[in-house]
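Presented below is the structure to which this report refers.
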Amino acid sequence: MAVDIDTCRLEQEGEIETLKCIYSSDEFTNLDENTFEIKLTSELDEVDEYSNAGRYGLIIQFTYKPAYPFVPPLYELRSAYSTPEDVVNSISNAMETLLANYTGQVMIYDVCSEIQQILSDALGRVTDLSEGDCTTKEEAPAEIYGTMVTVETFMEWNKEFLAEITDLNIKKKSEIDPAKLTGRQLFERDEKLFLSDIQFFEDADGEDLDEPAVEIDESLFQDLGGLDLDDCD
């Protein structure tokens with residue numbers, strides 16, 4: 001079949017103009033009248049902008065032959081971002097089949113769409129594997145995340161906790177030597193001491209506060225340098 005090169009040239013020019021409208025300036029780069037690059041990217045919802053983790057990319061350089069689209073274009077593949085080598089190799093192996101399937105018609109957009117899908121599928125498989133390795137909270141054993149607390153389980157635990165505290169307090173009191181107790185500890189252990197002080201103040205309350213409750217022997221203070229105790233009133 002005879003190929004009209006002028007007709008092929010018109011189709012090539014029309015396809016390039018269409019690709020410029022489809023892809024952004026960051027995605028499409030026209031190198032010369034026969035050669036251009038298209039950058040394809042697939043990424044997750046959350047991507048590390050510094051390491052590009054979660055993002056795959058591929059740059060494809062196409063070069064028209066004079067008889068394109070009746071013959072496939074030349075191409076070169078370059079990895080972008082964090083795309084693994086095995087993913088690039090799988091796309092490279094699929095390229096010849098893709099180009100052959102579309103021979104006879106302008107094909108660049110259709111070929112790139114299929115390659116874009118391969119990138120997305122490859123990235124999705126990596127994500128599924130990483131998520132599959134992680135045990136979800138619902139499936140994880142109780143010793144990792146603990147047991148869910150309900151009103152019933154809390155009341156049961158609280159009852160046991162109070163019983164344990166009571167036993168510890170009884171044991172602790174029985175082990176303390178009364179001779180070594182502080183005044184506060186004595187009051188806490190023996191209510192009679194506290195009540196005796198109350199009784200003391202109640203008894204004192206009914207007495208004449210103008211008279212000293214305890215007699216003072218003034219002879220004990222005679223050697224205080226002539227100090228008159230009456231002056232201290």
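The values are calculated or read from the model by the stated rules, or taken from the named source; none is laboratory data. Because the structure is a prediction, the values reported are computed rather than measured. Neighbour counts run over all protein chains shown; Cβ positions are idealised from the backbone, glycine included.
Structure notes:
- Residue among ILE22, ILE108, ILE16, ILE91 that alone is surrounded by 15 or more Cβ atoms within 10 Å (Cβ to Cβ) and within 41 Å of the chain's Cα centre (by Cα): ILE91
- Note on region 101-112: residues that are modelled with pLDDT under 95 and assigned to a helix (DSSP H, G or I) total 1.
- THR7 being out of contact with any Phe, Trp or Tyr (no Cβ under 9 Å at 6 or more places or on another chain), outside any loop (DSSP other than H, G, I, E, B) and either modelled with pLDDT under 90 or more than 18 Å from ARG125 (Cβ to Cβ) (or both): yes
- Residues satisfying the stated conditions in region 74-109, i.e. of a type in the set (D, E, K, R) and either touching a residue at least 60 places away in the same chain (Cβ under 8 Å) or over 16 Å from PHE36 (Cα atoms) (or both): GLU85, ASP86, GLU96
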